[in-house]
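Right, one structure below, let's go through it.
The values are calculated or read from the model by the stated rules, or taken from the named source; none is laboratory data. From a predicted model like this one, the values you see are computed outputs, not experimental measurements. Heads up, the Cβs are rebuilt from the backbone with ideal geometry, glycines too, and the neighbour counts pull from every protein chain shown. Surface accessibility is based on the protein's heavy atoms, side chains included, excluding ligands, DNA and RNA. Shrake-Rupley method; radii C 1.70, N 1.55, O 1.52, S 1.80 Å.
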Amino acid sequence: IVNYITKKPHATNKLESTTTIGTEGALVGIENTVGSKISQTVSGRINDLGYVASGSFRQTGVHKDATGTVLSPNYGLGETSQYSLFGKLNYQITDQQNIEFMYNYFSSNQDSKYTPKTGIYGEAPTVGVLGEDVGENQGNRYNHNAQLTYDYNMIFGNTDLRLNLYLQDFKTVYGFSDTFYDPNLGLDGGQSLIVSTKKGVRLNFNTPYILNEITGNILYGIDVLNDETSQDLVDGRKWTPDMNMINMAPYIQLKTLYKNVVLKAGIRFENIKIDIPNYTTITRYNVGESTPNSGGVDIKGGTLDYNATTFNAGLRYNKWNVLKPFISFSQSFSIADLGRTLRSAANTVSNINSKAVIANNYEFGFNSHLGKTRLSGAYFVSTSNLGSTYSETSSGAFEILRQPEKVYGFELSIDTEILRNIN
């Protein structure tokens, strides 16, 4: 689970401003590693309107390891220029209604004076050496994120409403590779890029309830997501077909508190449809050869349809501070990286082994609070009857391997006060 918490307009004055300037560099071999960052934030509140806005620029130097060796620049963050803009407006319509708009822009592009020197597995790592890299600079050309949230507390009875609309649009260029060598086009290789646009809405209701000594709330609603993604090469060749996905998922989640027992349980109904047009797989050659080793196959498109019902449940006992045990079960639903398999599909999309993956996740553990010491521990197991891993063929394409999977482990943590001001 990834949780993003963005800045909120908490300022009480009409205008508040913060400027930050910083620098960074390696502790070993500091030459060429020094980078810098500057950021500016303004925020304020005018009557019922709150706002916060910020912009930053960061330039990184050469990235090195602990011995001073230059790291491979391929897919790295060294020698990059990063731009970020952020803004949020919050307006209190009435005592019960609130609307908020958020926008974020990010870009990170690399301009390196180094090129990768391929290492040998188990003997030497891939490092960066001085030289001009082939192709365009790699990095994130743009990443736009926008979100509109509308809250209406007690819209009917004690039920609260939250409506969330969001949009993401990004483009990323990857490094140059000779696996895209094509003598007929006079190309020594190529670079792939991903362009993706996501649009979605979540309608969410939260209804509290009281039944004698039992209290809790019911959370219910629906998620709708449209994702249009394509992966081409910078030179115009199409590596994967354009994919158009629509995901609809109604859900309901129950939370119940009875004395010292907390129960949570929920259900979610997933439906995903992915439309794929007719396309031709990219023709591949071994470097220096003029006869293709794969690709150039016409593929009949179609629609892939996935449906699943997933459950979750958890139980916690909170009576004792010294020991609060819990146990939980949840299911996750995912589909394989279709782009990888569509690059080497045979004849029709319907022949792809692309069944969805449902993983069962079990966890039990405890939390303890002993004076100034907090202790927690958990053991978890995740199983799937139809796991999804990949095998690379001799032509560089990927095939999905479907086989049972099991992941398990445990974690322990302790937090205590050593001295009055040291934890």
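Scanning the stretch 310-337 for residues that are farther than 19 Å from Leu257 by Cβ, in a strand (DSSP E or B) and either open to solvent by less than 50 Å² (accessible area, probe 1.4 Å) or out of contact with any Gly (no Cβ under 8 Å at 6 or more places or on another chain) (or both) returns Thr310, Ser330, Gln331, Ser332, Phe333, Ser334. Taking every residue in the stretch 214-230 that is among the aromatic types (Phe, Trp, Tyr) and surrounded by 16 or more Cβ atoms within 10 Å (Cβ to Cβ) and pairing it with any residue that is in a strand (DSSP E or B) and modelled with pLDDT of 95 or more, at least 6 positions away or on another chain, the pairs with Cβ-Cβ distances below 6 Å are Tyr220/Phe205; Tyr220/Ile252.
This table checks each residue for (1) under 30 Å from Phe86 (Cβ atoms); (2) open to solvent by less than 50 Å² (accessible area, probe 1.4 Å).
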{"residue": "Ser107", "(1), (2)": "yes, yes"}
{"residue": "Gln110", "(1), (2)": "yes, yes"}
{"residue": "Pro116", "(1), (2)": "no, yes"}
{"residue": "Gly122", "(1), (2)": "no, no"}
{"residue": "Val129", "(1), (2)": "no, no"}
{"residue": "Gly139", "(1), (2)": "yes, yes"}
{"residue": "Tyr142", "(1), (2)": "yes, no"}
{"residue": "Ala146", "(1), (2)": "yes, yes"}
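One residue alone among Ile276, Ile267 is surrounded by 15 or more Cβ atoms within 10 Å (Cβ to Cβ), touching a Phe, Trp or Tyr at 6+ places or on another chain (Cβ under 8 Å) and not acidic (Asp, Glu), and that residue is Ile267. Among the candidates Gly61, Gly87, the residue that is modelled with pLDDT of 90 or more, in a strand (DSSP E or B), open to solvent by less than 70 Å² (accessible area, probe 1.4 Å) and in contact with a strand residue (DSSP E or B) (Cβ under 8 Å, 6 or more places away or on another chain) is uniquely Gly87. Of note, Ser196 does not satisfy the criterion of being within 27 Å of the chain's Cα centre (by Cα), open to solvent by less than 40 Å² (accessible area, probe 1.4 Å) and either among the charged types (D, E, K, R) or within 20 Å of Asn74 (Cα to Cα) (or both).
Does the stretch 288-309 contain at least one residue that is closer than 26 Å to Arg202 by Cα, part of a strand (DSSP E or B) and of a type in the set (A, V, I, L, M)? There is at least one residue in the stretch 288-309 that is closer than 26 Å to Arg202 by Cα, part of a strand (DSSP E or B) and of a type in the set (A, V, I, L, M). Count, please, the residues in the stretch 7-49 that happen to be among the β-branched types (Val, Ile, Thr), closer than 15 Å to Leu89 by Cβ and open to solvent by 60 Å² or more (accessible area, probe 1.4 Å). Count: 1.
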